[in-house]
Amino acid sequence: MDRNTPITALKGVGEKTEKLYEKLDIRTIGDLLCAYPADYDSFGAPVKIGQAGCGEICAVHAAVSGIPNERYVRKLHILNVTVWDGTDSLLLTFFNMPFLKKALKRGSFYIFRGLISSHGTQKQMEQPRIFSLEDYSKMTDRLLPRYSLTRGLTNQAVQKCVRQALSFYVFEPECYGEEMLREYALMGRREALETIHFPTDYDSLIQARKRLVFDEFFSFLFFMRKNKEASDRLPNGHRMLETADTARFLEQLPFPLTDAQRKVWEEIRTDLAGPFCMNRLVQGDVGSGKTIVALLALLMTAANGYQGAMMAPTEVLAMQHFETVQEYIRKYGLVFRPVLLVGSMTAKEKREAYAEIADGRANLIVGTHALIQEKAVYQSLALVVTDEQHRFGVRQRETLARKGEEPHILVMSATPIPRTLAIILYGDLHISVIDQLPAHRLPIKNCVVNTSYRPKAYQFIAREVAAGRQVYVICPQVDAGQEDAEGGAAMENVVDYAEKLKNTLPPSVQVAYLHGKMRPGDKKRIMEEFAAQAIDVLVSTTVIEVGINVPNATVMMVENAERFGLAQLHQLRGRVGRGVHQSYCIFVSGNEKKETMERLEILNKSNDGFLIASEDLKLRGPGELFGIRQSGAFAFRMGDIYSDAPVLKQASRAVDKLLKEDPELERPENAALRQFLSGAARDVDFRSI
Ligand code: ADP
Ligand code: MG
């Protein structure tokens, strides 16, 4: 069994299970082993009920103290029983498990493990798992993996598959030499893969994670540096002259550029007219107004008779950019002849777009990854813009660039990263920073609340909608798929939440939902309706995190805010506060832990994306590296550019050394590394969102 062996080679994985795994993008044994656990359960020693805190998953050792009580609610069988451990009582509830009634005899002792909640002063546990003291003691102090699941696939089933895969897997030889393993204190890759799934203890888990993160960064940086070599200091094959178009456009705009925008635009147009091909990164926090700067560059390109392309990571964002351009053309009569190219267009629409791109009728091409498909052939591509670059693979940007003859490259990112990291991640792109928000923006008002605040929040939402404003509600999950094996704290999901809101808000309020798994056509329709204000409240996953600009939206409510990294919450918050109206952000925490509240409170104190990300790190121990990701920035499977910055720097050093000593990986001692990187190439390329 190796990484390319189909998952069906595992015992117990038939056609049906194969389909389920496919939903999780797992097709081969390699995919399965790289689907690292989302989190781990530690079966800690039982606690006293009196000390068990609400919102925590814990185990208690208690005796059944009451007589089980059963009832039906419609078809649902509900069994209640009280247990007692000398400090307090706990009310247990089981659904559809009538057979337990016999086992839960009064006076019998068990370990009950589950999430503690409370009803008034009565502590409760729903659907706990039950163990004998003996069984439980065998499990304590082990860390068990919790995988991302889909409905129909249980955590136990995935665990079994992974165990099987690990025992039959023929591991590739270690790809780094002894010296390198020692220098960077790296665990062997085989051990790391085994440990990440089934850690023996916490310390080795941290080591395993470090190794795998190192590998991700190493392969990413290797390919990026290789690419960079090819594009260093190219002469400018598309020298552009400044025409009156951009200046006129700027005069007509209803707002002046901020000083920061003006400075960056100056840098860009100097590049376009200068002796070398442009390679520039524009960094600017959400809402700083990057789009207009990109449009100016595209306008200069079109005015010089060339084609420019702008690639966005999601269809929703690409379509929004296209709309913006069309509106500007209508208002200001720009020289753009734009086409849209996205995957969900019909074959006929695509053919027409390709034709216009190929014969040069179109001079501005806006789209998604569709822009880099083979069929897209450009007549005179001179400028390539990638918006929200951190969502792409570097390879994708390169592929687009190869569609022209050394076109200028403009990369836009809202990921706040310090310069030292930006230089590592983006190689030698020149960096421009828009470090200022447009004037006259009212600061967003934030609040961090628990779920009991919801009724008030809904009233507030209803008022804002009545005043003509619009609202986003973010939930972490798409639908009520498989729950965690442990029945962890329930996460809100978009589909059910939208239904709930429809029933709660006044009937005149139009509620709809949006998530990444919807058909592209449906996503498009929903976004258009939201932009046109036919929808008042949009319940969405984080698909709207990047780029979306609906200035009339003034309320952002985030459910299970504790599940998100602060940097990501900051990006989400950036969807409001984009217009003239006062905007509000309501972060609803699904638990009431003090630390969670404190973490979320950071968002109240600052509007500086980078500061927020670094404060977040300070507050979190290494244990929290699992579970929450700092942000969606850079599509690494596990590595996080903020929390793993030291590892990123190490990997960068190691890549530099390799490229100096054996750039083509020809030495025999690098044979295993060569093989590893050729496998990773696929990953670096396509894993990006
Ligand atoms: P981001 O940097 O997050 O991509 P956008 O480019 O989407 O931000 O801009 C956010 C909003 O700010 C848009 O509605 C845009 O029209 C507006 N905007 C951009 N520049 C200015 C400015 N100088 N003054 C006022 N509003 C601006
Ligand atoms: Mg943007």
Legend entry - Fraction of antiparallel bridges per DSSP, the chain only, in percent to nearest 5: 40
Inset, instruction - Net charge near Ile29: determine it from the other residues with C-beta under 11 Å of the C-beta of Ile29, scoring Lys and Arg +1 and Asp and Glu -1. - result: 0
Inset, instruction - Tell me the label-point distance for the pair Ala355, Cys54, using the 7 Å Cα-to-Cβ offset, in nm and rounded to one decimal. - result: 6.6
Legend entry - Point-charge dipole on Cβ atoms (K/R +1, D/E -1) for region 1-159, about Cα centre, debye to 20: 620
Inset, instruction - Arrange the peptides 86-99, 467-480 so that the one whose residues have, on average, the most other Cβ atoms within 10 Å appears first. - result: 467-480, 86-99
Inset, instruction - Within 10 Å, count the other beta carbons around each residue, average over each peptide in 654-666, 105-117, and list them highest first. - result: 105-117, 654-666
Inset, instruction - For Cys447 and Thr243, compute 0.36 nm times the residue count separating them, minus their Cα-Cα distance, and round to one decimal in nm. - result: 68.7 nm
Legend entry - Alpha-carbon centroid distance for the pair region 1-80 / region 410-484, whole angstrom: 31
Legend entry - FRET efficiency, 1/(1 + (r/R0)^6) with R0 25 Å, evaluated for Lys23 and Glu172 via beta carbons: 0.35
Inset, instruction - Round to the nearest 0.05 the FRET efficiency obtained for Glu183 and Ala45 when R0 = 41 Å and r is the Cβ-Cβ distance. - result: 0.60
Inset, instruction - Could I have the simple spin-label model distance between Leu234 and Arg163, label points 7 Å from Cα toward Cβ, reported in nm to one decimal? - result: 5.3
Inset, instruction - Heavy atoms only, probe 1.4 Å: what % of the accessible area of the chain goes to carbon and sulfur, would you let me know? - result: 52
Legend entry - Acute angle (nearest 10 degrees) that the helix 594-605 long axis makes with the longest principal axis of the chain, alpha-carbon atoms: 20
Inset, instruction - Holding the Cα-Cα limit at 24 Å, pick out from Lys290/Lys502; Lys348/Lys403; Lys48/Lys105; Lys75/Lys160 the pairs that are longer than that. - result: Lys290/Lys502; Lys75/Lys160
Legend entry - Cα-centre dipole for region 80-161 with unit charges at Cβ (Lys and Arg positive, Asp and Glu negative), debye to 20: 320
Legend entry - Per-residue [θ]222 nm for the chain (sum of -39500 (n - 2.57) over DSSP H runs n ≥ 4, rounded to 500): -12000 deg cm²/dmol
Inset, instruction - State, to one decimal in nm, how far the label point of Arg337 lies from the label point of Arg74, with both points 7 Å from Cα in the Cβ direction. - result: 5.9
Inset, instruction - Once you have the Cα-Cα distance between Ala467 and Glu267, take 0.36 nm times their residue separation minus that, and quote the gain in nm to one decimal. - result: 67.8 nm
Legend entry - Cα centroid of region 189-260 to Cα centroid of region 317-381, whole Å: 25
Inset, instruction - Treating only the Cβ atoms of Lys and Arg (+1) and Asp and Glu (-1) as charged, compute the dipole magnitude of the chain about its Cα centre; round to the nearest 20 debye. - result: 1560
Legend entry - Local electrostatic count, Ile586, Cβ distance below 10 Å [Lys/Arg +1, Asp/Glu -1]: +2
Inset, instruction - Specify the angular offset, from 0 to 90 degrees and rounded to the nearest 10, of the alpha carbon long axis of helix 347-358 from the longest principal axis of the alpha carbons in the chain. - result: 40
Inset, instruction - Could you please report the charge total around Asp135, scoring K, R as +1 and D, E as -1 over all other residues with beta-carbon less than 13 angstrom from its beta-carbon? - result: +3
Inset, instruction - For Thr140 and Leu100, calculate 0.36 nm times their separation in residues minus their Cα-Cα distance, and state this gained length in nm to one decimal. - result: 12.0 nm
Legend entry - In region 188-297, GluC sites (Glu not before Pro) in a DSSP loop with at most 16 other beta-carbon atoms within 10 Å: Glu242
Inset, instruction - Sticking to Cα atoms, compute the Rg of region 87-195 to one decimal and its Dmax as the biggest Cα-Cα distance, whole number, in Å. - result: 21.2, 63
Inset, instruction - Return one quarter of the surface area of the convex hull spanned by the alpha-carbon atoms of the chain, equal to its mean projected area, in nm². - result: 32.2
Legend entry - With Cα atoms, 0 to 90° folded angle of helix 454-466 axis to the chain main axis: 30
Inset, instruction - DSSP loop (so not H, G, I, E, B), at most 15 other Cβ within 10 Å: list which trypsin sites (Lys or Arg not before Pro) in region 248-353 pass both filters. - result: none
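The values are calculated or read from the model by the stated rules, or taken from the named source; none is laboratory data. Remember, it's a predicted structure, so these values are computed and weren't measured experimentally. Don't worry about glycine lacking a Cβ; one is built from the backbone with ideal geometry, like all the others, and counts go over all protein chains shown. Each accessible area value is taken on the protein alone, full model and side chains, heavy atoms only, with ligands, DNA and RNA left out. Shrake-Rupley method; radii C 1.70, N 1.55, O 1.52, S 1.80 Å.
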